[in-house]
1. Between I545 and N524, how high is the FRET efficiency from 1/(1 + (r/R0)^6) when r is the Cβ-Cβ distance and R₀ = 22 Å? Nearest 0.05.
2. In nm, to one decimal, how far is the modelled label at S337 from the one at I532, with both set 7 Å along Cα→Cβ?
3. Which Rg and Dmax, in Å, describe the Cα atoms of region 88-229?
4. Ignoring everything but the protein chains, give the 1.4 Å probe accessible area of T165 in square angstrom, nearest 10.
5. For S143, S32, S416, give me the order by solvent-accessible area with a 1.4 Å probe, most accessible first, ignoring ligands, DNA and RNA.
6. Between V448 and K203, how high is the FRET efficiency from 1/(1 + (r/R0)^6) when r is the Cβ-Cβ distance and R₀ = 45 Å? Nearest 0.05.
7. What number comes out for the charge environment of L552, summing +1 per Lys or Arg and -1 per Asp or Glu over other residues with Cβ under 13 Å away?
8. May I ask you to evaluate 6.51 cos²θ - 1.76 cosθ + 1.60, the Karplus curve with θ = phi - 60°, for each residue of region 394-410 and list the ³J(HN,Hα) values in order in whole Hz, giving x for glycine and proline?
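The values are calculated or read from the model by the stated rules, or taken from the named source; none is laboratory data. Note that this is a predicted model, so its numbers are computed, not measured. Methodologically, a virtual Cβ is constructed for each residue, glycine included, from the backbone with ideal geometry; neighbour enumeration extends over all protein chains shown. Heads up: the accessible areas ignore ligands, DNA and RNA and are worked out on the full protein's heavy atoms, side chains in. Shrake-Rupley method; radii C 1.70, N 1.55, O 1.52, S 1.80 Å.
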Amino acid sequence: MAATQTNNNPLSTTDTYSPIADQSSRLAILKSRLRLAKTWAKKPHDAWKAWMNEYNIQDWDDTSDIRDKVRIGYLFRKAESDMPALFDDQPDIFIKGRNANASLIQPLALGLYDYLWDKQDLETKIEDAALYFIVLGMGFVSSPWVTKTKKVPQQSQQPVLDPTTGQPVIDPTTGQPQMETKTEMLEVPIIDNPQAEVEDPFKIFFSPETKFAMTLPYEKCPYYFKEMTLSVDEIKARFGITVDPQETLQIDDLPYDEQKLKNIQDPDIIKDDMKRSTVYEYYGVLPEWACKDMKPSDGTEDDETQEDPKEEATETPAQEASEEQAEGETDATGGWSYDKDYHIFFTMNRELLVEESPYDVKPLKVLGNYGFANRFWRFGDSKHLMPLIQELEFYRTQILRHTRKMANPKPLIPTSANIDENAFLDPRSGRPVKFDGPTPPTYLQPGVLGREVGEGINEVRQDLEKQSGSFDLASGTPNSTVKTPKGIEVYSNASDKNTERKRKKIAKFIRELLIFQFQQVGQNWKPEDGKILSITGQDQNQQNISVDQEVLSAINGINEMWSLDIETESLSVNKAMMKQDALDLFALGAQHPDVFNKDELAKDLLQNGYGKKDADRYLLNAQQKAQLAQASGPQPQVNVRVMADAGSPAGAKLLENEGLLNPQDAVNAVAPANPTVAGSDHPVNQTPDANIQGYIGRVTGSGGE
């Protein structure tokens with residue numbers, strides 16, 4: 001057993017530590033790097049915990065602190081007010097390229113984007129990462145490729161085989177092979193796509209050489225660890241290895257200490273069911289000697305073939321180099337490289353899985369707020385707001401304590417007095433109090449609260465307003481410069497600029513995540529998988545396309561042949577402004593019908609201005625437009641009187657249908673071919689009465705004749 005040293009390790013965060021006994025194994029390298037990474041993360045993690053406690057207001061050791069300490073949820077209100085301005089909707093993406101095919105790729109990229117966004121619930125995950133980004137200054141989202149299948153029964157008709165010959169049995173009546181129904185269990189994928197997950201910032205540990213970057217190539221991050229707590233059954237199912245549980249599931253209402261947990265007498269708690277084991281996931285580089293064998297270690301020494309010393313002594317340097325090269329090629333696929341990433345699962349006692357990383361870059365994206373380029377750890381608004389918030393809480397606590405003293409003064413009773421204490425403390429009015437002594441009891445009144453407390457509160461509030469780049473007209477002090485028109489303009493502009501800077505960071509973060517996932521889809525989906533994507537074509541019609549090799553090649557080309565970008569302003573949507581913009585654009589199109597497509601402007605107004613997803617339901621189709629144009633167009637100027645005079649059956653029938661001519665007159669009106677032959681008493685040669693005159697005027701627009 002290794003000796004335990006005390007206070008001799010400059011990297012130790014505890015009083016004692018146990019050195020690694022075997023320093024030549026791959027597991028020893030991993031444990032050493034893990035210790036370095038945890039030590040390097042301790043200081044920022046401690047700061048993050050303090051900021052999270054301030055956001056949650058949950059750092060009381062005892063409920064009595066509630067009565068004696070004022071807590072102000074300023075950090076909570078600041079973060080929650082920033083969130084809608086930074087991210088509250090699925091952002092728009094667009095494809096740019098140097099060739100004409102970029103416009104053809106756009107619908108495909110949008111279809112895949114919508115699929116991944118909905119499949120992973122990215123909106124919730126980006127929002128969670130953005131909250132870490134605001135409060136802590138850093139958010140972490142991993143995006144491994146996940147494939148899960150389930151077995152489903154499928155029935156099929158198969159020929160009956162003769163057990164002796166193995167040939168199909170022929171039915172004598174039909175001459176055809178006899179068939180039987182067989183049920184087979186088929187593996188059906190239920191998840192076959194990248195799966196983004198927001199990581200616990202306190203469970204991620206990085207190499208001390210790490211520099212900040214949204215993506216983590218070797219130059220920025222040689223390696224990182226992820227800590228997870230798994231059950232023994234899950235470890236057995238995932239890695240095929242049985243391990244001993246080393247941890248106990250931590251629940252807020254139960255003691256964390258192992259000895260205290262053993263003393264729990266609750267019969268409903270099964271202690272063995274709370275046993276877990278800590279597993280670490282590693283992505284990063286390894287020394288060349290540690291990559292010779294990439295198979296999982298089972299904790300025993302491998303049986304290696306020993307070479308004959310005499311044969312080894314007679315080998316030439318060229319032969320030795322050739323053998324070493326051959327061993328290297330067989331030990332690791334593609335050969336070792338100083339910047340090549342490996343993927344390892346391990347506990348503190350053994351390795352569970354060792355493989356080359358299946359990704360070109362590490363599957364972790366980092367969102368960072370404030371900080372210098374040569375430093376990895378970022379910080380959020382909390383770092384500079386916390387001291388001011390604590391100072392404001394201190395002043396408010398002084399006022400609270402002084403108010404309590406004023407409301408509950410302490411009684412002063414002379415030592416020589418004999419008094420009925422029960423009657424003295426009785427709150428009921430009119431109760432007499434008997435005492436015996438020269439001096440009656442009085443109350444100890446606290447002194448007047450110094451004006452420095454009130455002035456300090458005003459100054460702290462002003463500092464908070466300036467520090468956060470925001471303003472609050474309702475609670476601002478009379479002397480606050482923020483309440484002046486100029487102050488409103490200055491701080492409003494500062495807040496807008498700060499919000500825009502953060503929004504750009506989140507947009508870039510989403511872009512990096514999508515590009516990584518698009519590349520994963522292009523590499524992992526196969527044409528034979530039968531994937532279907534729903535896309536919107538250039539004609540705005542929905543259509544389903546099969547993911548064939550051509551589609552996969554186009555997806556792979558994103559960020560290489562074509563650039564994917566995020567529309568930053570679409571991260572946060574001001575619906576009132578969007579509606580007004582759509583109305584203004586529609587009005588502009590109505591003024592210039594020779595330039596704008598009115599149908600597309602109307603659809604944009606309904607979709608973006610009024611939020612109508614089914615805009616086509618409100619718009620006229622081509623047939624309806626044609627009918628409306630025909631009904632509203634200029635009518636032919638038909639002189640009914642002339643038609644009747646000319647003996648037109650249509651004109652006479654028209655007058656008959658309107659009740660202006662009786663059937664006999666209508667017949668007489670069309671009887672003669674020439675009105676002059678009919679005579680002066682024929683209806684066609686008579687002046688029409690007022691009813692006919694009015695009708696003709698309405699129909700023809702003329703005055704009658």
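1. Plugging the Cβ-Cβ distance into 1/(1 + (r/R0)^6) gives 0.75.
2. Between S337 and I532, the simple spin-label model gives 4.0 nm.
3. 26.4, 81
4. 90 Å²
5. Numbers: S143 0, S32 55, S416 80 Å².
Correct descending sequence by accessible area is S416, S32, S143.
6. 0.30
7. Within the 13 Å Cβ shell, the charges total -2.
8. Whole-Hz 3J(HN,Hα) from phi for region 394-410: 5, 5, 5, 5, 4, 5, 4, 5, 5, 5, 5, 5, 5, 6, 10, x, 7.
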